[in-house]
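Written out below as structure tokens is the structure these notes cover.
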Amino acid sequence: MELKKYLQELKKVVNIDCGTATIDGVTQVSQIFQQWYQAEGWNWTALSQEFAYLSG
């Protein structure tokens, strides 16, 4: 992806409310990155949202 296009796409991601407690925002960001990686020919496997609720 060329730099100019990358920066335009990145702007979309950084403007999403996606704190770790904001599951809808995290999901939206994840979907955007999934599209980017797949467009570049990468494989993508999403983990279950169960992991978002694990605490250490």
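Some points to look at:
- Estimated FRET transfer efficiency when R0 is 35 angstrom, pair Glu2-Gln28 (beta carbons, to 0.05): 0.90
- Karplus-derived 3J(HN,Hα) values for segment 7-24, using 6.51 cos²θ - 1.76 cosθ + 1.60 with θ = phi - 60°, are 5, 5, 5, 4, 4, 4, 5, 6, 8, 9, 6, 9, x, 4, 8, 9, 4, 4 Hz; glycine and proline are entered as x.
Every number here is computed from the coordinates shown, using simple stated rules; none is lab data. Just so you know, these numbers come straight off a predicted model, no measurement behind them. All Cβ positions, glycine included, derive from the backbone under ideal geometry; neighbour counts span all protein chains shown.
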